[in-house]
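The values are calculated or read from the model by the stated rules, or taken from the named source; none is laboratory data. Since this is a predicted model, take the numbers as computed values, not measurements. We place every Cβ from the backbone using ideal geometry, glycine too, and count neighbours over all the protein chains shown.
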């Protein structure tokens, strides 16, 4: 187990080389793990859509988002409250209405179906 973990950590230091040295099936698994899809033209990847959290790491505005979060933390009187163990992470809440129905409309929909 320790040898496997050590090898995994060593391979992350040069992902390009690890990918090039991996078997075809392993490369396919990695591609499916990290990407929803990608487009290849000739021998180059021209467009890609990263999967799940990997997409967040590739966002063009990642640095700006992290800097804004850091500024919020610095300006907050009690920064620990942003990351309380119970409830929502205040930095990643959905803003405003429109994304999810307000609670009253949910109960109205439930009443109408009963």
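Listing for the model above:
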item	result
The range 41-56: number of residues that are within 13 Å of the chain's Cα centre (by Cα) and either surrounded by 11 or more Cβ atoms within 10 Å (Cβ to Cβ) or closer than 19 Å to residue 29 by Cβ (or both)	7
Count of residues meeting criterion [surrounded by 10 or more Cβ atoms within 10 Å (Cβ to Cβ) and closer than 18 Å to residue 33 by Cα] in the range 1-13	2
Neighbours by Cβ (under 8 Å, 6+ apart or cross-chain): first from the range 7-33, under 23 Å from residue 47 (Cα atoms); second loosely packed, with under 10 Cβ neighbours inside 10 Å and at pLDDT below 90	18/12
Residue list for the range 69-90, restricted to those being at pLDDT 70 or above and loosely packed, with under 10 Cβ neighbours inside 10 Å	74, 75, 77, 78, 80
Tally of residues being surrounded by fewer than 11 Cβ atoms within 10 Å (Cβ to Cβ) and either modelled with pLDDT of 85 or more or at positive phi (or both) across the range 57-66	4
